[in-house]
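Presented below is the structure to which this report refers.
The numbers here are math on the coordinates, done by the rules we state, and not lab data. All of these numbers come straight from a predicted model, not from anything done at the bench. With ideal geometry, Cβ positions are generated from the backbone for all residues, glycine too; neighbour counts draw on all protein chains shown.
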Amino acid sequence: MLAHIRAWSSSLVAKIIIGMIVLAFVLLAYAGSLTLRGGGPTETVAKVGDQVLQRQYLEASVRQQVAQYNQIPDFKIETMADYEERDPARQVVNSFIQSAMWPEQVNSLGIEASEAEVRDAIVRDPRFLREDGSFNEALFNTFALNNNRDAYMASLATQVVSSKIRGLPLAEDLELPAGWSQPIGAYLSEKRAVEGFWLPRESVSDIAVSDEQLATYLSDNQSAFMWPELRTAQVIAFTAEDTYERYDVEEERVLALYERRKDDANQPETRVIEQISVETLEQAQGYVERLRAGEQWPAIAFEATQAAPMSLGDVSADKLAPALADAAFKVLEPGILDPVASDEGATILRVLSITPAVEASLETMRPELERELKLVVAQRNLFDLSQELDFKLGDGISLEQAAADLDLPLVSLDQVDRLGRNKAGARAADIVANADIMAAVFAAKVDDENVVSTDETISYVVDLSAIEAPAPKTLDEARAELVAAYLNAEALKTMEAQAEALSARITSGEISMAAAASELGVELQSLEASTRNQAAQADPLFAGAIEAIFGAEGEGALLTQQQSARVALMQITAVEAGDAGEPSDVAKQTLAVLANSWQTDLSDAYTQALREAGNYRIINRVVNEVSEAVAIELGLQ
């Protein structure tokens with residue numbers, strides 16, 4: 001087994017991508033089947049030294065980056081605004097630059113992941129372990145056949161290196177590669193102060209839009225109103241939850257589990273109780289007599305304590321002091337109880353309701369106990385059931401027949417995009433939330449051999465029957481989107497023109513930023529001198545414009561910044577040049593980034609270091625083409 005792992009990993013260890021992020025562009029299991037627009041698949045996008053990022057890998061990586069975002073509820077990319085905010089194409093290019101540089105940097109610190117360490121990480125991977133903790137080679141081999149081996153190995157190597165980095169002492173003599181300390185240190189410590197405001201957004205809801213205007217807008221922006229590539233497929237996908245009911249469990253195991261769980265499942269008697277505390281037993285007895293004569297509980301409480309009665313909640317006897325528990329739980333009916341004396345005085349209790357104890361019997365717990373035990377069996381047998389399905393498909397049986405024979409769920413996806421949405425914009429089925437399944441649907445070819453993929457939680461197989469290439473939407477198909485986009489564009493034009501006019505007046509000295517904000521009736525916001533890291537934590541007005549703020553020419557520069565559906569006007573009020581700092585301090589900051597998380601604002605500093613060395617190039621035209629092409633495929637508007 002170790003020989004098999006060694007053969008798999010030996011060529012990869014030398015080219016491990018170092019960093020805390022498993023970079024999207026290594027996940028290229030389906031890159032060979034891409035339909036590309038613009039330049040050829042091998043067109044260069046970026047180059048760092050002798051390492052090149054090609055167009056085909058950028059396209060595949062952007063798709064994978066979107067799929068990863070869509071696995072996280074708060075980061076899903078569902079609109080063009082989401083896509084532009086995340087900017088996955090630029091993220092992938094930045095990640096490529098980082099990955100091209102990390103080996104040199106990490107090697108300079110003497111950190112590496114050896115072949116033996118990567119092999120050890122494999123045999124410790126919980127996905128390949130039996131219940132007794134031993135390595136399941138058969139499961140590992142199946143995983144190796146059905147998944148991207150290089151991506152898996154890269155992620156393991158990253159874990160090994162990251163673990164080593166976190167254990168490194170911050171030595172005084174750490175050094176960065178030659179020439180890197182000055183630009184990185186200066187970049188990190190540069191500070192800028194800025195003030196600005198959001199321009200008010202005028203209402204455009206009452207603007208009448210004609211079909212002629214919409215048709216012109218559609219013609220000018222047809223690439224934003226496209227049906228993405230749509231695919232029709234059948235999918236068998238199942239987890240332990242889908243298959244556990246087919247298994248039986250021994251009565252002895254049910255009884256044993258019941259014995260372990262019954263005490264936790266038993267519910268003690270509880271009572272809803274309120275109390276009034278007074279200084280003496282005599283006072284308490286007097287109040288009880290008045291209550292039993294018909295006076296109101298809240299009124300007596302206020303007279304005695306100048307407050308409402310204290311609620312003890314719905315409590316069991318063990319949650320009360322012994323004397324109170326004895327009094328409260330000996331009565332058979334709700335009502336006012338006799339006073340209870342204590343060292344601090346006396347307490348009057350009122351029981352509002354009684355909930356009898358419930359003893360969990362075997363029969364009441366049986367359904368949940370059996371389900372739990374069956375799920376364990378189903379999870380253990382997931383791999384065997386996947387193999388049985390694979391054998392049937394290998395014999396030429398259709399997905400429909402295999403699903404019927406093995407009683408597995410079969411889902412039909414009719415004309416769905418990469419996010420699993422049909423033409424109506426609705427999710428076609430629950431399984432489309434699984435990014436791996438949707439990646440498989442869009443990596444498949446019509447008439448491909450059906451191969452079952454499995455991991456520790458799910459098994460699935462895809463049968464693709466049709467592919468529809470991206471196509472333009474007609475005016476009627478895109479009407480609602482067109483109206484919204486047209487009105488938004490008109491609003492932005494108005495705000496940008498207003499910002500341009502204000503900039504001219506400010507530049508001429510006619511008005512100040514404060515006067516402009518007052519004239520518009522908006523708040524002028526300020527950011528004191530801050531580094532890039534500090535600005536990232538500021539108000540969204542500034543945090544969303546860091547690149548523009550630090551890219552401006554200098555003090556006094558005016559910036560018009562569009563962020564989503566808003567426009568801001570800002571002015572740089574102060575610039576403090578960065579200090580290169582002590583090389584060892586910069587090295588420590590860099591090591592801290594490696595150990596904890598990748599901060600993308602550092603990427604520009606490393607980029608600058610490479611630019612100065614003449615060792616760096618990005619073809620922005622290709623990046624923009626790829627970004628637009630993937631957005632069209634995803635149907636983002």
Checklist entry - Dipole size in debye (nearest 20) for segment 371-452 around its Cα centre, Lys and Arg Cβ +1, Asp and Glu Cβ -1? => result 480
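For Q68 and D338, what does the FRET efficiency come to when R0 = 51 Å and r is the distance between their Cβ atoms, rounded to the nearest 0.05?
0.15
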Checklist outcome for this item: Once the in-chain neighbours fewer than 8 apart are removed, the aspartates and glutamates whose Cα is under 14 Å from K330 read E269, D318, D338
Next on the checklist: At 0.36 nm per residue, and after removing the present C-alpha to C-alpha distance, how many nm does the segment from A471 to T364 gain when stretched out fully?
Outcome noted: 32.8 nm
Checklist entry - Do any of K392/K445; K319/K374; K392/K473 go past 31 Å between their Cα atoms, and which? => result K319/K374; K392/K473
